[in-house]
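The values are calculated or read from the model by the stated rules, or taken from the named source; none is laboratory data. Computed from a predicted model, the values in this text were never measured in an experiment. Here the Cβ positions follow ideal geometry from the backbone for every residue, glycine too, while neighbour counts run over all protein chains shown.
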């Protein structure tokens, strides 16, 4: 069910363009927010379907998830003038807003992937960085990764709350059938 991570550069490029186009008018949309939208889209896709949308590697940088490939892809998009950054006031502060100069090419995306990305955009619309970081606890990998450390996609499957009775029953079934040796996992 879970696929090996394969980075898809064109999907990352077009997803950045899509995020910028769909977030036009969001006063909190900026490069830092792109990081979180990409992260939550990829990790929620992995949680739901066992595969990420872009397959980008993510690292924890200053308590935020950042795609490892992002700077090179953004430089490329800016050099091609597909994405431009403009100064924009945000609640009395100056920030760099990201603007897409064309629509995203969505041929490589499934309808489910776009629906998920739209869901993530709506969840974070007009949410600033501080409030967005409060939602990071949904992904334990980001919470426990050290600075500059990769965040494994598999951590999207872990939940921060204690196991339910159903979780414990499934674990007992796995152990009784010899499918998992929990003592060797420690």
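Here are a few things to note about the model shown:
- Yes/no for residue 4 being closer than 20 Å to residue 109 by Cα and without any contact (Cβ under 8 Å) to a residue 60 or more places away in the chain: yes
- Qualifying positions in the range 53-85 - loosely packed, with under 13 Cβ neighbours inside 10 Å and either in a loop (DSSP other than H, G, I, E, B) or on the phi > 0 side of the Ramachandran plot (or both): 62, 63, 80, 81
- Note on the range 128-143: residues that are outside any loop (DSSP other than H, G, I, E, B) and at pLDDT below 80 amount to 10.
- Per-region count, the range 144-167, residues at pLDDT below 80 and surrounded by 11 or more Cβ atoms within 10 Å (Cβ to Cβ): 3
- Considered as a group, the residues in the range 9-47 that are surrounded by fewer than 21 Cβ atoms within 10 Å (Cβ to Cβ) and assigned to a loop (DSSP other than H, G, I, E, B) include one that is nearest to the chain's Cα centre (by Cα), and that residue is 30.
- Of residues in the range 92-127 being at pLDDT below 95 and farther than 15 Å from residue 20 by Cβ, the one surrounded by the most Cβ atoms within 10 Å (Cβ to Cβ): 127
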